[in-house]
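Student: Below: one structure in structure tokens.
Each reported figure results from applying straightforward, stated rules to the coordinates on display, with no laboratory input. Here the structure is a predicted model, which means the values were calculated and not measured. Quick reminder, even Gly has a Cβ in these numbers, built from the backbone with ideal geometry, and neighbours come from all protein chains shown.
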Amino acid sequence: MSKAIRIHTTGGPEVLKWEQLPTPQPGPNEALIHHEAVGLNYIDVYFRTGLYKAPLPCTIGMEGAGTVLAVGDNVSGLAPGDRVAYAGGPLGAYATERVIAADRLVKLPPEIDFKTAAAMMLQGITAHFLLHRTFKVQPGQNILLHAAAGGVGLIMCQWAKHIGANVIGVVSTEEKAALAKANGAAHTIIGHATLAADVKRITGGAMVPVVYDSVGKDTFTTSLDCLAPLGVMVNYGNASGPVPPFDVATLGTKGSLYLTRPVFATYTAARADLAASAAALFAAVASGAVKIQVNQTYRLEDAAAAHAALEARQTTGSTVLLP
């Protein structure tokens with residue numbers, strides 16, 4: 001038997017229930033893994049609350065690391081005992097064991113431990129495609145990054161600095177500002193009440209070519225005001241709620257702006273893209289250019305407490321759940 005956090009109805013952290021289930025068995029092209037660590041991500045909150053839909057009851061979670069226990073037919077390149085990690089779904093990571101398609105797993109190099117892997121796969125691969133594919137950041141550019149002290153934010157601060165860009169990080173407290181700066185942010189802004197004016201001052205009036213906004217409703221409009229003409233608005237999260245409908249003509253009046261909503265599944269749908277992003281992430285971490293900070297750990301059965309802390313903005317860096 002295995003154990004898992006399951007939800008039978010959507011709602012607050014209290015809907016997360018610790019339950020016993022039969023251990024699944026791998027089918028063709030699948031592998032059974034035992035989790036050593038599971039990543040906590042804000043998208044887990046979206047599924048728990050029902051903002052993102054999933055059939056109920058279900059086990060949430062999109063990222064984990066562990067050991068292969070068994071493989072099904074037609075699986076090559078994986079064997080019991082291999083150390084692996086994955087991110088991006090399907091749902092089911094909040095469990096002691098799970099079955100997953102073998103082509104979604106990547107082998108871990110010896111220098112990457114399970115906690116680090118579980119903390120970095122979803123956030124690190126997201127940071128990679130945001131900085132290298134959604135908008136290809138260049139040396140010397142000023143870029144604006146919301147939630148700069150969060151899990152994705154701290155990785156992006158470091159990686160963007162490594163590229164040679166100047167990160168303007170938006171945070172909610174002085175403590176988080178210090179953390180963002182310690183991880184490579186060139187400038188920090190606390191709050192977004194005067195965001196456009198602050199960005200104008202920092203950039204000498206030039207504004208920025210790209211805004212990375214994972215906050216959503218509360219910051220969307222002011223983020224648009226921070227962009228230079230032909231700038232790119234990258235909305236990749238809804239921490240404050242989804243962006244309400246708006247008139248697309250606004251993009252024209254504010255400087256012929258571009259708007260995109262990048263999704264992890266699209267950028268990693270091809271096995272080659274997943275493998276390339278993972279390899280780039282492993283190399284960045286191994287070189288020391290990017291350091292993964294696991295600042296909070298919870299027992300998997302205490303996932304409700306972890307969710308409450310995440311939603312209250314009481315976490316920094318990455319959080320890992322330990323089965």
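Student: Taking the alpha-carbon set of segment 94-237, what are its Rg and Dmax in Å?
Tutor: Radius of gyration, then largest Cα-Cα span, for segment 94-237: 16.3, 53 Å.
Student: Can I ask one more? Going by how many other Cβ atoms sit within 10 Å of their own, how do Glu19, Glu14 line up, fewest first?
Tutor: Numbers: Glu19 14, Glu14 9.
Least crowded to most crowded, the residues run Glu14, Glu19.
Student: Determine which aspartates and glutamates satisfy two conditions relative to Lys200: a Cα distance under 13 Å, and not lying fewer than 8 residues away in the same chain.
Tutor: Asp225
Student: OK, next. Count the net charge of all other residues whose Cβ sits under 14 Å from the Cβ of Thr134, scoring Lys and Arg as +1 and Asp and Glu as -1. Each step should come with its number before you reach the end.
Tutor: Working: positive: Arg133, Lys136, Arg261; negative: Asp213, Asp273.
Result for the local shell: +1.
Student: Just to confirm a number: summing +1 for Lys and Arg and -1 for Asp and Glu over residues other than Ala309 whose beta-carbon lies under 13 angstrom from that of Ala309, what do you get?
Tutor: Details: positive: Arg313; negative: Asp44, Asp302, Glu311.
Charge balance near Ala309 sits at -2.
Student: Considering Cα pairs under 8 angstrom that are at least six residues apart, work out the relative contact order of segment 139-261 and quote it in whole percent. Don't skip to the answer; put the middle values down first.
Tutor: On the way: 254 pairs, mean separation 25.3, N = 123.
With pairs under 8 Å counted, the relative contact order is 21 percent.
Student: Once every DSSP H run of n ≥ 4 in the chain is given -39500 (n - 2.57) and the sum is divided by its residues, what mean residue ellipticity at 222 nm do you get, rounded to the nearest 500 deg cm²/dmol?
Tutor: Working: 10 runs with 94 residues, N = 323.
Estimated from H runs of four or more residues: -8500 deg cm²/dmol.
Student: At most 12 other Cβ atoms within 10 Å and a DSSP loop assignment: could you name the trypsin sites (Lys or Arg not before Pro) in segment 10-115 that fit? It would help to have the intermediate numbers written out before the result.
Tutor: Details: sites: Lys17, Arg48, Lys53, Arg83, Arg98, Arg104, Lys107, Lys115; in loops: Lys53.
Filter output for segment 10-115: Lys53.
Student: Cα-Cα over 18 Å: which of Lys136/Lys217; Lys161/Lys181; Lys3/Lys107; Lys115/Lys291; Lys136/Lys254? Could you put the intermediate results ahead of the total?
Tutor: Details: Lys136/Lys217 25 Å; Lys161/Lys181 11 Å; Lys3/Lys107 24 Å; Lys115/Lys291 13 Å; Lys136/Lys254 22 Å.
Listed pairs above 18 Å: Lys136/Lys217; Lys3/Lys107; Lys136/Lys254.
Student: Okay, next question. With no solvent and one equal point scatterer placed on each C-alpha of segment 216-318, evaluate the Debye formula and give log10 I(q)/I(0) for q = 0.10, 0.20, 0.25 Å⁻¹, two decimals.
Tutor: Debye output, listed in q order: -0.48, -1.13, -1.16.
Student: Oh, and also: Shape call for segment 46-156 from the C-alpha gyration tensor, a ≥ b ≥ c root eigenvalues: rounded (a/c under 1.5), prolate (a/b greater than b/c) or oblate? It would help to have the intermediate numbers written out before the result.
Tutor: On the way: a/c = 2.27, a/b = 1.43, b/c = 1.59.
The shape class here is oblate.
Student: By the scheme Lys and Arg +1, Asp and Glu -1, what is the net charge of all other residues having a beta-carbon under 9 Å from that of Ala65? The partial results should precede the final answer.
Tutor: Numbers: positive: Arg83, Lys115; negative: Glu36, Glu63, Asp113.
Local net charge: -1.
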